[in-house]
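The values are calculated or read from the model by the stated rules, or taken from the named source; none is laboratory data. A quick note: this is a predicted structure, and the numbers were derived from the prediction, not measured. Cβ placement follows ideal geometry from the backbone for every residue including glycine, while neighbour counts extend to all protein chains displayed.
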Amino acid sequence: IEPPKLKLSKSGEAAADLKVNETQKSNGSSTEWTPSSWTTKPIKQDVIYDDRGAVNKALAKLERLPPIVTPTEIIRLRNSLRDVALGKAFLLQGGDCAELFDYCEDNAIDSKIKLLLQMSLVLIYGAYKPVVRIARMAGQFAKPRSSPTEMYEGREIPSFRGDILNGYDVKERTPDPARLVSAYFHSATTLNYIRASLASGIADLHAPLEWELGHVKDEKIKAQYIRIVDNITDSLRFMKTVGADSPSSGLESVDLYTSHEGLLLEYEQSLTRRLRHPPSHPSLQHPSTSPSSQLNGRPEPSTDGKGWYNTSAHFLWIGDRTRQLTGAHVEYFRGLENPIGIKVGPTMTSGELVSLLDILNPTKSIGKITLITRYGEHKITSLLPSHIRAVRESGHIVVWQCDPMHGNTKSTPSGVKTRQFSSILSEVGSALRIHREEGSFLGGVHLELTGEAVTECVGGSEGLTEGDLGVNYTTYCDPRLNEKQALELAFLVAGHYRE
Ligand code: PEP
Ligand code: MN
(Lines give C-alpha, C1' and ligand atoms only; values in the text may rest on other atoms or scores of the structure.)
(Ligands and ions follow the chains in the order given, each with its own letter.)
Protein backbone atom coordinates (compact mmCIF):
# COMPACT_ATOMS: atom_id res chain seq x y z
CA ILE A 1 0.00 0.00 0.00
CA GLU A 2 1.45 3.36 -1.01
CA PRO A 3 1.89 5.82 1.85
CA PRO A 4 -0.57 8.70 1.92
CA LYS A 5 0.28 11.92 0.06
CA LEU A 6 2.14 14.60 1.93
CA LYS A 7 0.58 17.91 2.84
CA LEU A 8 2.38 21.13 2.12
CA SER A 9 0.91 23.39 4.79
CA LYS A 10 3.01 23.31 7.92
CA SER A 11 2.73 25.50 10.93
CA GLY A 12 5.46 28.04 11.73
CA GLU A 13 8.02 27.75 8.95
CA ALA A 14 10.92 28.62 11.21
CA ALA A 15 13.40 28.82 8.38
CA ALA A 16 11.39 30.27 5.55
CA ASP A 17 13.54 33.38 5.50
CA LEU A 18 16.85 31.55 5.24
CA LYS A 19 19.11 33.38 2.79
CA VAL A 20 19.44 31.68 -0.57
CA ASN A 21 22.94 30.46 -1.23
CA GLU A 22 24.17 32.55 -4.18
CA THR A 23 26.30 29.76 -5.66
CA GLN A 24 23.33 27.46 -5.79
CA LYS A 25 21.11 30.13 -7.33
CA SER A 26 23.57 30.77 -10.11
CA ASN A 27 24.29 27.16 -11.07
CA GLY A 28 20.77 25.97 -10.23
CA SER A 29 22.12 22.54 -9.30
CA SER A 30 19.91 22.05 -6.31
CA THR A 31 17.30 23.64 -4.11
CA GLU A 32 17.91 25.46 -0.86
CA TRP A 33 17.61 23.45 2.33
CA THR A 34 15.32 24.65 5.09
CA PRO A 35 13.92 22.73 8.09
CA SER A 36 10.73 22.32 6.04
CA SER A 37 12.18 21.70 2.55
CA TRP A 38 11.47 17.99 3.08
CA THR A 39 7.75 18.75 2.62
CA THR A 40 8.32 19.18 -1.13
CA LYS A 41 9.65 15.62 -1.48
CA PRO A 42 7.83 12.29 -1.62
CA ILE A 43 7.58 10.76 1.84
CA LYS A 44 7.31 7.17 3.10
CA GLN A 45 5.58 6.20 6.34
CA ASP A 46 3.62 9.50 6.41
CA VAL A 47 0.81 10.13 8.86
CA ILE A 48 -2.68 11.41 8.15
CA TYR A 49 -4.34 13.09 11.12
CA ASP A 50 -8.08 13.74 11.20
CA ASP A 51 -7.65 17.08 12.96
CA ARG A 52 -5.05 19.20 11.16
CA GLY A 53 -5.83 22.17 13.43
CA ALA A 54 -4.85 20.17 16.51
CA VAL A 55 -1.60 19.08 14.81
CA ASN A 56 -0.68 22.69 13.98
CA LYS A 57 -1.43 23.71 17.57
CA ALA A 58 0.80 20.90 18.90
CA LEU A 59 3.63 21.85 16.50
CA ALA A 60 3.36 25.53 17.48
CA LYS A 61 3.67 24.49 21.11
CA LEU A 62 6.74 22.31 20.34
CA GLU A 63 8.37 25.19 18.46
CA ARG A 64 8.20 27.33 21.59
CA LEU A 65 9.56 24.71 23.99
CA PRO A 66 13.28 24.79 24.83
CA PRO A 67 15.83 22.42 23.29
CA ILE A 68 16.06 19.00 24.99
CA VAL A 69 19.78 18.80 24.13
CA THR A 70 22.27 21.54 23.23
CA PRO A 71 24.79 22.14 20.41
CA THR A 72 27.67 21.77 22.86
CA GLU A 73 26.55 18.24 23.73
CA ILE A 74 25.70 17.36 20.13
CA ILE A 75 29.13 18.45 18.91
CA ARG A 76 30.86 16.68 21.79
CA LEU A 77 29.25 13.47 20.56
CA ARG A 78 30.09 14.28 16.93
CA ASN A 79 33.73 14.73 17.91
CA SER A 80 33.69 11.48 19.88
CA LEU A 81 32.31 9.71 16.83
CA ARG A 82 35.21 11.15 14.84
CA ASP A 83 37.43 9.23 17.29
CA VAL A 84 35.36 6.10 16.67
CA ALA A 85 35.69 6.54 12.89
CA LEU A 86 39.46 6.81 13.31
CA GLY A 87 39.63 3.66 15.45
CA LYS A 88 40.37 5.45 18.72
CA ALA A 89 37.09 4.59 20.49
CA PHE A 90 34.23 2.07 20.32
CA LEU A 91 30.52 2.91 19.96
CA LEU A 92 27.86 1.12 21.99
CA GLN A 93 24.27 2.00 21.11
CA GLY A 94 21.26 0.23 22.54
CA GLY A 95 17.78 0.35 23.93
CA ASP A 96 14.22 -0.64 23.15
CA CYS A 97 12.87 -1.13 19.67
CA ALA A 98 9.80 0.91 20.59
CA GLU A 99 10.10 3.00 23.74
CA LEU A 100 6.73 3.48 25.41
CA PHE A 101 5.67 6.53 27.43
CA ASP A 102 5.14 4.01 30.27
CA TYR A 103 8.88 3.23 30.31
CA CYS A 104 9.42 6.72 31.70
CA GLU A 105 9.74 5.31 35.19
CA ASP A 106 12.80 5.03 37.46
CA ASN A 107 13.26 1.24 37.51
CA ALA A 108 13.05 0.82 33.76
CA ILE A 109 15.44 3.73 33.16
CA ASP A 110 17.88 2.60 35.91
CA SER A 111 18.12 -0.94 34.59
CA LYS A 112 18.82 0.19 31.03
CA ILE A 113 21.48 2.71 32.09
CA LYS A 114 23.15 0.12 34.31
CA LEU A 115 23.16 -2.46 31.54
CA LEU A 116 24.74 -0.02 29.07
CA LEU A 117 27.35 0.88 31.70
CA GLN A 118 28.12 -2.77 32.48
CA MET A 119 28.45 -3.57 28.79
CA SER A 120 30.71 -0.60 28.22
CA LEU A 121 32.91 -1.63 31.12
CA VAL A 122 33.37 -5.04 29.51
CA LEU A 123 34.11 -3.40 26.15
CA ILE A 124 36.59 -0.87 27.54
CA TYR A 125 38.41 -3.65 29.31
CA GLY A 126 38.42 -5.89 26.25
CA ALA A 127 39.14 -3.40 23.49
CA TYR A 128 41.45 -1.05 25.49
CA LYS A 129 39.48 1.81 24.01
CA PRO A 130 37.13 4.43 25.43
CA VAL A 131 33.50 3.58 24.77
CA VAL A 132 31.02 6.13 23.45
CA ARG A 133 27.55 5.31 24.78
CA ILE A 134 24.33 6.21 22.97
CA ALA A 135 21.00 5.08 24.38
CA ARG A 136 18.00 4.38 22.13
CA MET A 137 16.05 6.23 24.80
CA ALA A 138 14.35 9.50 25.66
CA GLY A 139 12.57 9.76 22.32
CA GLN A 140 12.51 6.39 20.49
CA PHE A 141 8.73 6.71 20.13
CA ALA A 142 8.05 6.47 16.37
CA LYS A 143 8.06 3.15 14.48
CA PRO A 144 8.08 2.48 10.75
CA ARG A 145 5.81 -0.45 9.88
CA SER A 146 5.85 -2.84 6.96
CA SER A 147 2.07 -2.56 6.73
CA PRO A 148 -0.10 0.42 7.82
CA THR A 149 -2.82 -1.95 9.00
CA GLU A 150 -3.15 -5.33 10.71
CA MET A 151 -5.97 -7.81 11.35
CA TYR A 152 -7.58 -7.89 14.77
CA GLU A 153 -10.53 -10.18 15.54
CA GLY A 154 -11.42 -10.38 11.87
CA ARG A 155 -11.24 -6.65 11.18
CA GLU A 156 -8.54 -4.45 9.73
CA ILE A 157 -7.20 -1.87 12.16
CA PRO A 158 -4.32 0.64 11.90
CA SER A 159 -0.96 -0.83 13.03
CA PHE A 160 0.68 0.47 16.20
CA ARG A 161 3.18 3.11 15.04
CA GLY A 162 4.72 4.12 18.35
CA ASP A 163 3.50 6.17 21.30
CA ILE A 164 4.25 9.49 19.57
CA LEU A 165 1.51 8.64 17.06
CA ASN A 166 -1.07 6.20 18.35
CA GLY A 167 -1.57 3.74 21.21
CA TYR A 168 -0.92 0.00 21.31
CA ASP A 169 -4.40 -0.53 22.76
CA VAL A 170 -6.67 -1.34 19.82
CA LYS A 171 -9.03 1.44 20.90
CA GLU A 172 -6.23 4.01 20.52
CA ARG A 173 -4.99 3.27 17.02
CA THR A 174 -6.18 6.55 15.46
CA PRO A 175 -3.23 9.01 15.29
CA ASP A 176 -3.65 11.52 18.11
CA PRO A 177 -1.95 14.97 17.76
CA ALA A 178 -1.77 15.39 21.56
CA ARG A 179 0.83 12.61 21.58
CA LEU A 180 3.34 14.91 19.82
CA VAL A 181 3.61 17.20 22.84
CA SER A 182 3.47 14.25 25.20
CA ALA A 183 6.48 12.73 23.40
CA TYR A 184 8.49 15.89 24.09
CA PHE A 185 7.70 15.80 27.81
CA HIS A 186 8.41 12.08 28.12
CA SER A 187 11.76 12.59 26.35
CA ALA A 188 12.66 15.52 28.56
CA THR A 189 11.65 13.70 31.75
CA THR A 190 13.58 10.57 30.83
CA LEU A 191 16.69 12.55 29.95
CA ASN A 192 16.33 14.63 33.12
CA TYR A 193 16.42 11.47 35.21
CA ILE A 194 19.38 10.07 33.24
CA ARG A 195 21.29 13.32 33.71
CA ALA A 196 20.47 13.43 37.42
CA SER A 197 21.49 9.79 37.93
CA LEU A 198 24.80 10.27 36.13
CA ALA A 199 25.50 13.50 38.02
CA SER A 200 24.79 11.65 41.27
CA GLY A 201 27.49 9.10 40.58
CA ILE A 202 25.55 6.13 39.17
CA ALA A 203 28.46 5.59 36.77
CA ASP A 204 31.26 6.09 39.29
CA LEU A 205 33.96 3.61 38.38
CA HIS A 206 34.97 3.45 42.02
CA ALA A 207 31.82 1.49 42.76
CA PRO A 208 31.11 -0.73 39.75
CA LEU A 209 29.95 -3.59 41.94
CA GLU A 210 26.94 -1.46 42.79
CA TRP A 211 25.78 -2.09 39.25
CA GLU A 212 24.68 -5.48 40.46
CA LEU A 213 23.87 -8.12 37.90
CA GLY A 214 20.13 -8.00 38.51
CA HIS A 215 18.82 -11.02 36.66
CA VAL A 216 22.03 -12.74 35.69
CA LYS A 217 22.15 -16.09 37.45
CA ASP A 218 24.62 -17.71 35.06
CA GLU A 219 27.78 -18.49 37.05
CA LYS A 220 30.12 -18.23 34.07
CA ILE A 221 28.92 -14.75 33.09
CA LYS A 222 28.93 -13.61 36.71
CA ALA A 223 32.49 -14.86 37.19
CA GLN A 224 33.69 -13.20 33.96
CA TYR A 225 32.11 -9.91 34.97
CA ILE A 226 33.44 -9.99 38.54
CA ARG A 227 36.93 -10.76 37.26
CA ILE A 228 36.85 -7.61 35.12
CA VAL A 229 35.51 -5.53 38.00
CA ASP A 230 38.25 -6.88 40.31
CA ASN A 231 40.92 -5.98 37.78
CA ILE A 232 39.52 -2.48 37.42
CA THR A 233 39.30 -2.05 41.20
CA ASP A 234 42.93 -3.12 41.44
CA SER A 235 43.99 -0.61 38.81
CA LEU A 236 42.06 2.15 40.56
CA ARG A 237 43.78 1.34 43.84
CA PHE A 238 47.11 1.61 42.06
CA MET A 239 46.16 4.94 40.47
CA LYS A 240 45.11 6.27 43.86
CA THR A 241 48.41 5.18 45.36
CA VAL A 242 50.43 6.99 42.70
CA GLY A 243 48.16 10.04 42.88
CA ALA A 244 46.73 9.70 39.36
CA ASP A 245 43.18 9.34 40.66
CA SER A 246 42.24 13.00 40.98
CA PRO A 247 38.69 14.42 40.94
CA SER A 248 39.33 15.55 37.38
CA SER A 249 40.34 12.11 36.12
CA GLY A 250 36.83 11.51 34.75
CA LEU A 251 36.49 8.16 36.50
CA GLU A 252 33.49 9.28 38.52
CA SER A 253 31.25 10.24 35.63
CA VAL A 254 30.54 9.25 32.03
CA ASP A 255 28.66 10.61 29.06
CA LEU A 256 25.50 8.93 27.88
CA TYR A 257 23.91 10.35 24.75
CA THR A 258 20.37 9.87 23.42
CA SER A 259 19.15 8.80 20.01
CA HIS A 260 16.08 7.79 18.06
CA GLU A 261 14.98 7.13 14.49
CA GLY A 262 14.14 10.47 12.86
CA LEU A 263 10.89 9.24 11.37
CA LEU A 264 8.15 11.72 12.20
CA LEU A 265 9.51 14.76 10.40
CA GLU A 266 6.92 17.27 11.60
CA TYR A 267 8.04 16.55 15.16
CA GLU A 268 11.73 16.70 14.25
CA GLN A 269 11.26 19.95 12.33
CA SER A 270 9.60 21.61 15.30
CA LEU A 271 12.69 20.97 17.43
CA THR A 272 15.19 21.96 14.73
CA ARG A 273 16.74 25.26 15.71
CA ARG A 274 19.33 27.62 14.28
CA LEU A 275 21.89 27.89 17.07
CA ARG A 276 25.44 29.05 17.59
CA HIS A 277 28.18 26.46 17.01
CA PRO A 278 30.27 25.66 20.06
CA PRO A 279 34.00 26.41 19.58
CA SER A 280 34.61 22.67 19.26
CA HIS A 281 32.50 22.46 16.05
CA PRO A 282 34.45 20.55 13.35
CA SER A 283 34.15 23.43 10.84
CA LEU A 284 36.04 25.62 13.32
CA GLN A 285 38.51 22.91 14.30
CA HIS A 286 39.12 21.28 10.92
CA PRO A 287 38.23 23.89 8.27
CA SER A 288 36.83 22.22 5.17
CA THR A 289 38.78 22.33 1.95
CA SER A 290 35.71 21.51 -0.13
CA PRO A 291 34.38 24.32 -2.31
CA SER A 292 30.89 25.46 -1.29
CA SER A 293 29.57 24.26 -4.67
CA GLN A 294 29.76 20.78 -3.17
CA LEU A 295 27.25 21.72 -0.49
CA ASN A 296 24.31 21.39 -2.93
CA GLY A 297 22.08 23.87 -1.16
CA ARG A 298 22.89 22.59 2.28
CA PRO A 299 23.45 25.48 4.70
CA GLU A 300 27.02 26.76 4.74
CA PRO A 301 28.25 25.99 8.25
CA SER A 302 30.44 28.98 8.89
CA THR A 303 28.68 32.02 7.39
CA ASP A 304 27.21 33.32 10.67
CA GLY A 305 28.76 30.91 13.18
CA LYS A 306 25.43 29.11 13.48
CA GLY A 307 23.89 25.94 12.17
CA TRP A 308 20.70 23.88 12.25
CA TYR A 309 20.59 21.55 15.22
CA ASN A 310 17.98 18.91 15.87
CA THR A 311 17.55 19.48 19.61
CA SER A 312 15.30 16.47 20.27
CA ALA A 313 18.28 14.07 20.63
CA HIS A 314 22.03 14.04 20.21
CA PHE A 315 22.01 11.45 17.42
CA LEU A 316 19.29 10.53 14.93
CA TRP A 317 19.23 7.87 12.28
CA ILE A 318 17.39 7.28 9.01
CA GLY A 319 15.59 3.94 8.94
CA ASP A 320 16.03 1.32 6.24
CA ARG A 321 12.50 2.04 4.96
CA THR A 322 12.92 5.81 4.59
CA ARG A 323 16.39 6.23 3.07
CA GLN A 324 15.35 6.97 -0.56
CA LEU A 325 17.87 9.33 -2.20
CA THR A 326 15.22 11.80 -3.35
CA GLY A 327 12.81 11.30 -0.47
CA ALA A 328 11.73 13.56 2.39
CA HIS A 329 13.82 11.96 5.13
CA VAL A 330 17.15 12.30 3.32
CA GLU A 331 16.23 15.90 2.44
CA TYR A 332 15.49 16.71 6.10
CA PHE A 333 18.64 15.02 7.44
CA ARG A 334 21.04 16.68 5.02
CA GLY A 335 20.69 20.05 6.75
CA LEU A 336 21.49 18.91 10.30
CA GLU A 337 24.65 19.51 12.30
CA ASN A 338 24.02 16.44 14.47
CA PRO A 339 25.94 13.24 13.88
CA ILE A 340 23.54 10.94 12.03
CA GLY A 341 23.11 7.27 11.24
CA ILE A 342 21.93 5.47 8.12
CA LYS A 343 20.51 1.97 8.34
CA VAL A 344 22.07 -0.15 5.61
CA GLY A 345 19.94 -3.18 4.74
CA PRO A 346 20.41 -5.91 2.11
CA THR A 347 18.74 -3.90 -0.69
CA MET A 348 21.26 -1.04 -0.47
CA THR A 349 23.51 -0.88 -3.55
CA SER A 350 27.06 0.46 -3.30
CA GLY A 351 26.14 3.28 -5.67
CA GLU A 352 23.21 4.34 -3.50
CA LEU A 353 25.33 4.15 -0.38
CA VAL A 354 27.99 6.49 -1.78
CA SER A 355 25.31 8.87 -3.12
CA LEU A 356 23.74 9.00 0.33
CA LEU A 357 27.09 9.86 1.88
CA ASP A 358 27.68 12.60 -0.72
CA ILE A 359 24.23 14.11 -0.11
CA LEU A 360 24.30 13.88 3.68
CA ASN A 361 27.95 14.76 4.23
CA PRO A 362 29.23 16.77 1.24
CA THR A 363 32.23 18.09 3.20
CA LYS A 364 33.27 14.52 4.14
CA SER A 365 33.43 15.41 7.81
CA ILE A 366 34.99 12.40 9.56
CA GLY A 367 32.59 10.44 11.76
CA LYS A 368 29.60 12.65 10.93
CA ILE A 369 27.90 9.56 9.50
CA THR A 370 27.48 6.19 11.15
CA LEU A 371 26.61 3.35 8.77
CA ILE A 372 24.44 0.93 10.72
CA THR A 373 24.66 -2.31 8.74
CA ARG A 374 21.85 -4.83 9.27
CA TYR A 375 22.03 -7.48 6.57
CA GLY A 376 21.27 -10.73 8.39
CA GLU A 377 23.73 -13.43 9.45
CA HIS A 378 23.90 -15.09 6.02
CA LYS A 379 23.80 -12.03 3.77
CA ILE A 380 26.54 -10.08 5.54
CA THR A 381 29.37 -12.12 3.99
CA SER A 382 28.39 -11.24 0.44
CA LEU A 383 27.27 -7.62 1.07
CA LEU A 384 29.58 -6.00 3.60
CA PRO A 385 32.90 -6.36 1.71
CA SER A 386 31.68 -4.45 -1.34
CA HIS A 387 30.14 -1.73 0.82
CA ILE A 388 33.42 -1.30 2.70
CA ARG A 389 35.34 -1.01 -0.58
CA ALA A 390 32.87 1.43 -2.14
CA VAL A 391 32.98 3.71 0.89
CA ARG A 392 36.76 3.59 1.02
CA GLU A 393 37.01 4.52 -2.67
CA SER A 394 34.60 7.42 -2.13
CA GLY A 395 36.96 9.03 0.39
CA HIS A 396 34.33 9.16 3.15
CA ILE A 397 35.48 8.12 6.62
CA VAL A 398 32.50 6.74 8.51
CA VAL A 399 31.71 4.87 11.69
CA TRP A 400 30.91 1.27 10.78
CA GLN A 401 28.38 -0.06 13.22
CA CYS A 402 26.80 -3.53 13.17
CA ASP A 403 23.10 -3.90 13.99
CA PRO A 404 22.82 -7.70 14.28
CA MET A 405 19.14 -7.52 15.22
CA HIS A 406 17.09 -6.33 12.25
CA GLY A 407 18.29 -8.77 9.60
CA ASN A 408 17.69 -11.71 11.92
CA THR A 409 14.03 -11.42 12.88
CA LYS A 410 11.99 -14.65 12.47
CA SER A 411 8.48 -15.77 13.30
CA THR A 412 7.82 -18.98 15.22
CA PRO A 413 5.26 -21.38 13.69
CA SER A 414 2.67 -19.83 16.03
CA GLY A 415 3.52 -16.35 14.73
CA VAL A 416 5.64 -14.91 17.59
CA LYS A 417 8.43 -12.58 16.41
CA THR A 418 11.79 -13.69 17.76
CA ARG A 419 15.54 -13.70 17.06
CA GLN A 420 18.06 -16.49 17.54
CA PHE A 421 20.86 -15.39 19.84
CA SER A 422 23.27 -17.49 17.78
CA SER A 423 22.30 -15.54 14.62
CA ILE A 424 22.93 -12.24 16.42
CA LEU A 425 26.35 -13.44 17.62
CA SER A 426 27.13 -14.77 14.17
CA GLU A 427 26.40 -11.45 12.42
CA VAL A 428 28.55 -9.50 14.92
CA GLY A 429 31.32 -12.10 14.62
CA SER A 430 31.21 -11.85 10.81
CA ALA A 431 31.26 -8.04 10.95
CA LEU A 432 34.36 -8.08 13.18
CA ARG A 433 36.10 -10.59 10.91
CA ILE A 434 35.15 -9.03 7.55
CA HIS A 435 36.22 -5.55 8.64
CA ARG A 436 39.54 -6.95 9.77
CA GLU A 437 40.01 -8.87 6.49
CA GLU A 438 39.19 -5.76 4.47
CA GLY A 439 41.68 -3.63 6.38
CA SER A 440 38.80 -1.77 8.04
CA PHE A 441 37.51 -2.12 11.61
CA LEU A 442 34.14 -2.43 13.26
CA GLY A 443 33.45 0.84 15.12
CA GLY A 444 30.48 -0.24 17.17
CA VAL A 445 27.31 -2.22 17.72
CA HIS A 446 23.65 -1.17 17.64
CA LEU A 447 21.40 -3.38 19.74
CA GLU A 448 17.82 -3.77 20.87
CA LEU A 449 18.02 -4.61 24.55
CA THR A 450 16.40 -4.09 27.90
CA GLY A 451 17.56 -4.45 31.48
CA GLU A 452 14.55 -6.63 32.30
CA ALA A 453 14.63 -10.45 32.33
CA VAL A 454 12.54 -10.73 29.17
CA THR A 455 12.21 -13.89 27.07
CA GLU A 456 12.06 -12.49 23.54
CA CYS A 457 15.21 -13.77 21.80
CA VAL A 458 15.84 -17.54 21.90
CA GLY A 459 19.19 -19.11 22.75
CA GLY A 460 22.05 -17.72 24.81
CA SER A 461 23.77 -19.48 27.67
CA GLU A 462 20.42 -19.77 29.44
CA GLY A 463 19.19 -21.82 26.48
CA LEU A 464 15.82 -20.09 26.05
CA THR A 465 13.61 -22.07 23.67
CA GLU A 466 10.58 -21.10 21.61
CA GLY A 467 8.51 -22.71 24.34
CA ASP A 468 9.91 -20.19 26.85
CA LEU A 469 8.95 -17.11 24.83
CA GLY A 470 5.62 -16.80 26.63
CA VAL A 471 7.24 -16.49 30.10
CA ASN A 472 8.07 -12.78 29.87
CA TYR A 473 7.47 -11.51 26.35
CA THR A 474 6.73 -7.81 26.83
CA THR A 475 8.02 -5.97 23.73
CA TYR A 476 5.57 -3.84 21.77
CA CYS A 477 7.62 -4.16 18.62
CA ASP A 478 10.82 -6.17 17.99
CA PRO A 479 12.31 -8.83 20.34
CA ARG A 480 15.09 -7.48 22.59
CA LEU A 481 18.15 -9.03 24.21
CA ASN A 482 17.75 -9.44 27.96
CA GLU A 483 20.45 -8.33 30.40
CA LYS A 484 22.26 -11.63 30.29
CA GLN A 485 22.22 -12.04 26.52
CA ALA A 486 23.40 -8.43 26.12
CA LEU A 487 26.36 -9.00 28.47
CA GLU A 488 27.25 -12.23 26.69
CA LEU A 489 27.39 -10.29 23.46
CA ALA A 490 29.64 -7.65 25.05
CA PHE A 491 32.00 -10.45 26.19
CA LEU A 492 32.13 -11.81 22.65
CA VAL A 493 33.10 -8.44 21.20
CA ALA A 494 35.61 -7.80 24.00
CA GLY A 495 37.11 -11.27 23.46
CA HIS A 496 37.70 -10.51 19.78
CA TYR A 497 40.15 -7.75 20.72
CA ARG A 498 41.93 -9.97 23.22
CA GLU A 499 42.57 -12.69 20.61
C1 PEP B 1 14.74 -0.24 14.21
O2 PEP B 1 15.91 0.09 14.43
O3 PEP B 1 13.93 -0.50 15.11
C4 PEP B 1 14.31 -0.42 12.80
C5 PEP B 1 13.04 -0.32 12.43
O6 PEP B 1 15.35 -0.71 11.99
P7 PEP B 1 15.46 -0.77 10.39
O8 PEP B 1 15.13 0.62 9.90
O9 PEP B 1 16.91 -1.11 10.20
O10 PEP B 1 14.54 -1.82 9.90
MN1 MN C 1 13.38 -2.65 15.84
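Going by what's in this entry, would residue 87 be described as farther than 21 Å from residue 161 by Cβ and modelled with pLDDT under 95?
So residue 87 fails the test.
Check region 402-418 and report whether any residue there is small (Gly, Ala, Ser), at pLDDT below 95 and assigned to a loop (DSSP other than H, G, I, E, B). I'd like the intermediate steps shown before the answer.
Within region 402-418, the first condition is being small (Gly, Ala, Ser), and the residues that meet it are 407, 411, 414-415.
Of the ones still in play, those that are also at pLDDT below 95 are 414-415.
Now restrict to residues that are assigned to a loop (DSSP other than H, G, I, E, B): 414-415.
Within region 402-418, one or more residues are small (Gly, Ala, Ser), at pLDDT below 95 and assigned to a loop (DSSP other than H, G, I, E, B).
Each row is one residue, and each column tells you yes or no for (1) assigned to a loop (DSSP other than H, G, I, E, B); (2) free of Cβ contacts under 8 Å to residues at least 12 places away in the same chain; (3) touching a helix residue (DSSP H, G or I) at 6+ places or on another chain (Cβ under 7 Å); (4) under 28 Å from residue 444 (Cβ atoms).
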position	(1), (2), (3), (4)
107	no, yes, no, yes
132	no, no, yes, yes
140	yes, no, no, yes
147	yes, no, no, no
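How many residues, within region 109-130, are in a helix (DSSP H, G or I), closer than 24 Å to residue 440 by Cα and under 19 Å from the mean Cα position of the chain (by Cα)?
3
Find the residue count for region 398-435, including only residues that are of a type in the set (Val, Ile, Thr), buried (at least 24 other Cβ atoms within 10 Å of the Cβ) and within 16 Å of ligand 2 (Cβ to nearest atom).
Counting residues in region 398-435 that are of a type in the set (Val, Ile, Thr), buried (at least 24 other Cβ atoms within 10 Å of the Cβ) and within 16 Å of ligand 2 (Cβ to nearest atom) gives 1.
Among the residues of region 85-103, how many are away from ligand 2 (no atom under 16 Å from the Cβ) and either part of a strand (DSSP E or B) or basic (Lys, Arg) (or both)? Walk me through it before giving the result.
Initially, region 85-103 is screened for residues away from ligand 2 (no atom under 16 Å from the Cβ), giving 85-92, 101-102.
In the following step, the residues that additionally are either part of a strand (DSSP E or B) or basic (Lys, Arg) (or both) were identified as 88, 90-92.
The qualifying residues number 4.
Among the residues of region 443-483, which ones are crowded, with 22+ Cβ neighbours inside 10 Å, within 16 Å of ligand 2 (Cβ to nearest atom), in contact (Cβ under 8 Å) with a residue 60 or more places away in the chain and part of a loop (DSSP other than H, G, I, E, B)?
Residues satisfying the conditions are 450, 479, 480, 482.
Could you tell me how many of the residues in region 47-102 are under 19 Å from residue 189 (Cα atoms) and exposed (fewer than 14 other Cβ atoms within 10 Å of the Cβ)?
3
Would you tally the residues in region 343-376 being buried (at least 23 other Cβ atoms within 10 Å of the Cβ) and either touching a Leu at 6+ places or on another chain (Cβ under 7 Å) or modelled with pLDDT under 95 (or both)?
Of the residues in that region, 7 qualify.
Only one of these conditions is not met by residue 374: (1) over 16 Å from residue 321 (Cβ atoms); (2) within 15 Å of ligand 1 (Cβ to nearest atom); (3) within 14 Å of the chain's Cα centre (by Cα). Which number is it?
Going through (1) over 16 Å from residue 321 (Cβ atoms); (2) within 15 Å of ligand 1 (Cβ to nearest atom); (3) within 14 Å of the chain's Cα centre (by Cα) one by one, residue 374 breaks only (1).
Looking at region 377-414, which of its residues are over 16 Å from residue 320 (Cα atoms) and either acidic (Asp, Glu) or in contact with a Phe, Trp or Tyr (Cβ under 8 Å, 6 or more places away or on another chain) (or both)?
Correct list: 377, 388, 393.
Condition check: in a helix (DSSP H, G or I) and either crowded, with 23+ Cβ neighbours inside 10 Å or touching a Ser or Thr at 6+ places or on another chain (Cβ under 9 Å) (or both). Does residue 488 satisfy that?
Yes: the conditions hold for residue 488.
Under the condition of being more than 16 Å from ligand 1 (Cβ to nearest atom) and part of a loop (DSSP other than H, G, I, E, B), which residue from region 304-324 is nearest to residue 398 (Cα to Cα)? Full working, then the answer.
The first filter runs over region 304-324 and keeps only residues more than 16 Å from ligand 1 (Cβ to nearest atom), leaving 304-312, 314.
Those still in the list that are part of a loop (DSSP other than H, G, I, E, B) too: 304-305, 311-312, 314.
Values: 304: 27, 305: 25, 311: 23, 312: 23, 314: 17 Å.
Among those residues, the one meeting the criterion is 314.
Just the residues that are touching a strand residue (DSSP E or B) at 6+ places or on another chain (Cβ under 7 Å) and either more than 30 Å from residue 476 (Cβ to Cβ) or among the aliphatic types (A, V, I, L, M) (or both), please, taken from region 70-106.
71, 74, 77, 80, 81, 84, 85, 89, 91, 92
Residues checked against (1) within 24 Å of the chain's Cα centre (by Cα); (2) within 16 Å of ligand 2 (Cβ to nearest atom):
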site: 142; (1), (2): yes, yes
site: 151; (1), (2): no, no
site: 161; (1), (2): yes, yes
site: 197; (1), (2): yes, no
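Given the condition of a type in the set (Ser, Thr, Tyr) and closer than 17 Å to residue 50 by Cα, answer yes or no: does some residue in region 183-190 qualify?
No, every residue in region 183-190 fails to be of a type in the set (Ser, Thr, Tyr) and closer than 17 Å to residue 50 by Cα.
Within region 162-172, is even one residue part of a loop (DSSP other than H, G, I, E, B), in contact with a strand residue (DSSP E or B) (Cβ under 8 Å, 6 or more places away or on another chain) and more than 16 Å from ligand 1 (Cβ to nearest atom)?
Yes, region 162-172 contains at least one residue that is part of a loop (DSSP other than H, G, I, E, B), in contact with a strand residue (DSSP E or B) (Cβ under 8 Å, 6 or more places away or on another chain) and more than 16 Å from ligand 1 (Cβ to nearest atom).
Can you name the residue in region 265-304 that is at pLDDT 70 or above and among the small types (Gly, Ala, Ser) and, of all such residues, is nearest to residue 75 (Cα to Cα)?
Here the residue is 280.
What residue, among those in region 391-413 that are among the polar types (S, T, N, Q) and free of Cβ contacts under 8 Å to residues at least 40 places away in the same chain, is nearest to residue 445 (Cα to Cα)?
Only one residue fits best here, namely 408.
Can you confirm whether region 36-44 contains a residue that is on the phi < 0 side of the Ramachandran plot, under 22 Å from the mean Cα position of the chain (by Cα), assigned to a loop (DSSP other than H, G, I, E, B) and within 16 Å of ligand 1 (Cβ to nearest atom)?
Within region 36-44 (the criterion being on the phi < 0 side of the Ramachandran plot, under 22 Å from the mean Cα position of the chain (by Cα), assigned to a loop (DSSP other than H, G, I, E, B) and within 16 Å of ligand 1 (Cβ to nearest atom)), the answer is yes, since at least one residue qualifies.
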